[in-house]
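Below: the structure, in structure tokens.
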Amino acid sequence: MPYSSKWLPGTREGQLEMARTWSTVLSSNAKAWSIPAAELTGLNSLVSASAKALDAATGEGRGPVNTAKCKAAFEALVGKMRFIKERYFFMPPLTDADRVSLGLKPKDTVRSPKGVPKGKFTGVPTRLSMGGVEFRIQSADDVPQDTPRVISGYSIHYGIMPNAPLAGEALPHEKFTRHKKERFEFSAEDRGKTVYFCIRAENSKGEAGPWGSIFQAIIP
């Protein structure tokens, strides 16, 4: 894939700023880039909702409820941005200059000398606390192992679902990390529910290895 999971700013303020930039750029270019008007309308709606949710979560009314609403709003916004990026930004008529205007790095046409990760990974719970799930990423047994320089980080897909998904692609949310230990926080409304995870390694170009096995935890 031309861009890695690291294309997204690390803060919600940065994510909102990028989304607003996309809204501005796409308002003039969506038709020329063959992006349906409905996609731009959906993005604009999520930008507005995320801005309001962020204000509520950081203003005088901040609290666990508004924090949870803000988290959900930004997950929806990032999901829409990821969909638009992967569906429409990787191909002509977009140029490198167009991608830069969207806050993305130009497409790297140089083949990665490190190779694509081959190993599979899973998570081992290390700590469960109220509303929080923490686990350590480790290699799965009986699979090829990669040298440390091949792996740049890990793409963790996750979601609270009524039934166990059959593959990592079915999980709705994604988080990229360079750490071997990761913690996820959930709202009070999610306590007692089952959250599913699936991990795959990425190299420095964002090229992903195979999915590991799906694992789960009950949110305490």
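The values are calculated or read from the model by the stated rules, or taken from the named source; none is laboratory data. Worth saying up front: this structure is predicted, and the values here are computed from it rather than measured. Methodologically, a virtual Cβ is constructed for each residue, glycine included, from the backbone with ideal geometry; neighbour enumeration extends over all protein chains shown. Surface accessibility is based on the protein's heavy atoms, side chains included, excluding ligands, DNA and RNA. Shrake-Rupley method; radii C 1.70, N 1.55, O 1.52, S 1.80 Å.
The table below lists the values:
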item: Test: Ile156 is within 21 Å of Ser129 (Cβ to Cβ) and aliphatic (A, V, I, L, M); result: yes
item: Residue that is assigned to a helix (DSSP H, G or I), of a type in the set (S, T, N, Q), outside the structural domain of Glu185 (by the TED database) and in contact with a Leu (Cβ under 9 Å, 6 or more places away or on another chain), where the choices are Thr67, Thr21; result: Thr21
item: Residue satisfying all of: in segment 13-46; polar (S, T, N, Q) and free of Cβ contacts under 8 Å to residues at least 24 places away in the same chain; surrounded by the fewest Cβ atoms within 10 Å (Cβ to Cβ) among these; result: Ser28
item: Segment 72-98 residues that are without any contact (Cβ under 8 Å) to a residue 12 or more places away in the chain, paired with ones that are open to solvent by 20 Å² or more (accessible area, probe 1.4 Å) (beta carbon under 7 Å, 6 or more apart); result: Asp96/Pro106; Asp96/Lys107
item: Segment 1-12: number of residues that are buried (at least 17 other Cβ atoms within 10 Å of the Cβ) and closer than 15 Å to Lys85 by Cα; result: 6
item: Matching residues in segment 56-83 - criterion: being surrounded by 14 or more Cβ atoms within 10 Å (Cβ to Cβ) and farther than 20 Å from Gly159 by Cβ; result: Ala56, Ala57, Thr58, Val65, Asn66
